[in-house]
Each structure stands twice: as structure tokens, then as C-alpha cells.
Amino acid sequence: MLRWLILLSSAVVLAFTLRNDTPYTLPIPASFGHRYTIPADNPMTLEGVALGRFLFYDSLLSKNNTISCSSCHQQNRAFTDGFALSIGVNGRTTARNSMSLANLLWVRHFFWDGHSPTLEDQALIPMAHPDELGLAPEKAARKLQQTAFYPPKFKRAFGTDSITPLLMAKALAQFERTLISAQAPYDQYLRHQYTLTAAEKRGLDLFMRTSDPTKGIRGANCTHCHGGAQFFQNVFHNNGLDASPLDPGRQEVTGFDADFARFRVPTLRNIAVTGPYMHDGRFRTLDEVIDHYSEHVASSRTLSTDLKGPMHLTSSEKKDLIAFLHTLTDTEFLQNPAFSNPFLTQ
């Protein structure tokens, strides 16, 4: 009996030695709040985050080993790709524009139409999609299992060297939760460490104000959709791109007529480096985006009530607004070594 107890104790010690659950502490900005969820069955660990980072940059997750998650989500572009529509493993374009991955910790519905409720659920969908990575997660797991590199890393992160799609999704989600952007000049301004230029300050005032022509108040009405420290809200809007929209957007998920042509409000953080813009990437520049909201909002049955009537911003107001938007570019985020390709530094 004593011999069996000694063997059992040794096995337990070995298991804890092989799995190293070192807690990962997220640097939560005070202004962002704590309205986020980290699943109880996927706590943040240094080992899980490190594994997810490798997976994010590994082309083994694609059908022909040519692209990775990072192909469509490049760090220097705030994890977008610079294309109107991304190009998948087979050379075809995706149906919608690649969204920024900044501050996903506070997002409650993922993709433009919000069809994924969690990062874990979201992680495997592009992998299986024929126009993205094009590889069934089960097959991707088998590819990783056959390497000498990954089984030990899964063992350290999750206590098992048996690689499954679920564990892959958990690791990817852990890494993506670390992608926090909160060190832009605007953040420094709030901490009294940066002085806005005159144009940036006028742009900030325009951004924050609601237009009221009856009182002679000039405003760009931006905060209705992009208010708060994250510069997005967990809502879906029809922002007047077309009078007769072709993409049903959120309605495809909910089935509700009121959700027709509504899309998730993206963050404006790092917006100067994340073009082209909109769910279909139709606008190449911020000038085109501002022109749309100023003069070209198209009326349709589900148009957001906050966009009724043109704003008719002046050319100088448009320049000021864009000057402010540039203060949301977080260079530290775009260059953070912790978010970069780990295969280039190991």
C-alpha cells in the first residue's frame, strides 16, 4: 500500500511539474472598467498566452501552410490587413473587412454581425472557413500533434499533450485578450502628459458634441456610437451606407427585420492605421469616412436614428476631426514586442 501511495504522489508531483499555471495579470486601464468576462474554464496564464501567440502566427493552421491568423491581423495595422476584403488561403476574398483585434476583452459579440458570443467560439471559425484558413480545426490539431514543438507547450499550458480544437481555441483566446490598446496620445492627454494641438482640441470638441442647428451648436455626433474610453459600444447600427443594402448584417444572425443591414460598431482606437473602412472596406481614407457621415448618409428603413439628417461639416471641421482621430494611434500597441511574431525571436 505504501508503495502505491508513493507512486501516486510521484505522479501528482510530475503532473504539476509538467503543467505550469502561472497567472497572467492583465493591465486593465482604470477608464475601461471591468465589464468583461474571462471564462472560468479558461483562466489567463503565462503558458496559455505564450502558446496562443505561437498559434496566432503559425501558418500550420491553414490548409496549405501559407497563411496564419496574423496574415489578416497584422500588428503594425492594429491587427487589420490593409485590404478592403482579406485574401484567404485559396486566393479568394472574404465577404467582409478584417476587424481590428484591439481591446477584444470588452467586446461581447464578435465579427461584424456578432455571430460569435465568445473569443473561444470565434477563434476556430476563420480556421474552418474555406475562404480564410480553409482547414478543419480537427485536422489542424492533428498537424500540430505531429510536431515535436507543440505537444510539450500544450502540456505546460493545459496539463495534457493531447491537442484538441478546444484547447487551441482557448490558447488563441487567451493571447487575444492581452491585446489591450490604451497608450495613445489621447490617453496621455487625459493623464495631463500630452497637450493637444489647437486642431486636435477642436476635433475633440466636435467629436464629443451633438449637433443642434436650432441653437447654433456644431457637432459631429460621434459619441452616440463611439463613446466611452474604448471608442466603441457593444451595439449594432445601420450607418447609412446604402439606400438598398445587399448585406443583411446582424439580421442574418437574429432573424429580426429591425437588424437588417446593422453591423457591429468597431473601435476607433488606432483608426488612422486600420483602413480601408466599413464592413466592406469601401472607404480608403478617413476623409472619405468623414465625407460619408457629413453629406452622404443614405436613408433606409433600419437607419440609425442618430444619423437622421446631414451634418454638413466644413472642410476645416473635417480636418480638425481627423487631427483628433490621429491622437488615438497607440504606437506602443503597434510595436509591443509581447504581441509580435514569436517565431522571429526564439
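The values are calculated or read from the model by the stated rules, or taken from the named source; none is laboratory data. It should be emphasised that the depicted structure is a prediction, and the values quoted were computed from it without experimental measurement. Reconstructed Cβ throughout: ideal geometry from the backbone, glycine too, with neighbour counts over all protein chains shown. Surface accessibility is based on the protein's heavy atoms, side chains included, excluding ligands, DNA and RNA. Shrake-Rupley method; radii C 1.70, N 1.55, O 1.52, S 1.80 Å.
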Legend entry - Sole exception among (1) under 12 Å from the mean Cα position of the chain (by Cα); (2) surrounded by fewer than 17 Cβ atoms within 10 Å (Cβ to Cβ) for Ala78, by number: (2)
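Right, Ala220: in contact with a Pro (Cβ under 9 Å, 6 or more places away or on another chain), among the aliphatic types (A, V, I, L, M) and touching a residue at least 60 places away in the same chain (Cβ under 8 Å) or not?
No.
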Inset, instruction - Return yes when Tyr36 is under 25 Å from Phe236 (Cα atoms) and in contact (Cβ under 8 Å) with a residue 24 or more places away in the chain and no when it is not. - result: yes
Inset, instruction - From (1) outside the structural domain of Glu200 (by TED's automatic domain parsing); (2) modelled with pLDDT under 95, pick out the condition that doesn't hold for Leu334. - result: (2)
Inset, instruction - Determine whether Phe256 is closer than 19 Å to Leu303 by Cβ and either open to solvent by 70 Å² or more (accessible area, probe 1.4 Å) or without any contact (Cβ under 8 Å) to a residue 60 or more places away in the chain (or both). - result: yes
Inset, instruction - Name, by its number, the condition in (1) assigned to a loop (DSSP other than H, G, I, E, B); (2) of a type in the set (Phe, Trp, Tyr); (3) buried (at least 22 other Cβ atoms within 10 Å of the Cβ) that does not hold for Phe263. - result: (1)
Legend entry - Scan of region 195-216 for residues that are of a type in the set (Ser, Thr, Tyr) and without any contact (Cβ under 8 Å) to a residue 60 or more places away in the chain, ordered by number: Thr195, Thr210, Thr214
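Out of region 84-120, which residues are more than 25 Å from Asn238 (Cβ to Cβ) and open to solvent by 40 Å² or more (accessible area, probe 1.4 Å)?
Matches in region 84-120: Ile87, Asn90, Gly91, Arg92, Thr118.
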Legend entry - Selected residue [within 25 Å of the chain's Cα centre (by Cα), open to solvent by 20 Å² or more (accessible area, probe 1.4 Å) and within 30 Å of Gln251 (Cα to Cα)] from Thr285, Thr329: Thr285
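Per-residue answers, yes or no, for (1) outside the structural domain of Thr314 (by TED's automatic domain parsing); (2) more than 21 Å from Leu105 (Cβ to Cβ); (3) out of contact with any Ser or Thr (no Cβ under 8 Å at 6 or more places or on another chain):
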| residue | (1), (2), (3) |
| --- | --- |
| Arg209 | no, yes, yes |
| Gly227 | no, no, yes |
| Val235 | no, no, yes |
| Asn238 | no, yes, no |
| Asp247 | no, yes, yes |
| Val253 | no, yes, yes |
| Phe260 | no, yes, no |
| Arg269 | no, no, no |
| Asp280 | no, yes, yes |
Inset, instruction - Would you be able to tell me the number of residues in region 296-327 that are under 15 Å from Thr197 (Cα atoms) and part of a loop (DSSP other than H, G, I, E, B)? - result: 1
Inset, instruction - Quick one: which residue in Ser71, Ser98 is among the hydroxyl-bearing types (Ser, Thr, Tyr), assigned to a loop (DSSP other than H, G, I, E, B) and within 17 Å of the chain's Cα centre (by Cα)? - result: Ser98
Inset, instruction - List the number of the failed condition for Tyr293; all other conditions in (1) assigned to a loop (DSSP other than H, G, I, E, B); (2) at negative phi; (3) open to solvent by 50 Å² or more (accessible area, probe 1.4 Å) hold. - result: (1)
Legend entry - Which listed residue, of Leu166, Leu246, Leu204, is on the phi < 0 side of the Ramachandran plot, surrounded by fewer than 17 Cβ atoms within 10 Å (Cβ to Cβ), modelled with pLDDT of 95 or more and in a helix (DSSP H, G or I): Leu166
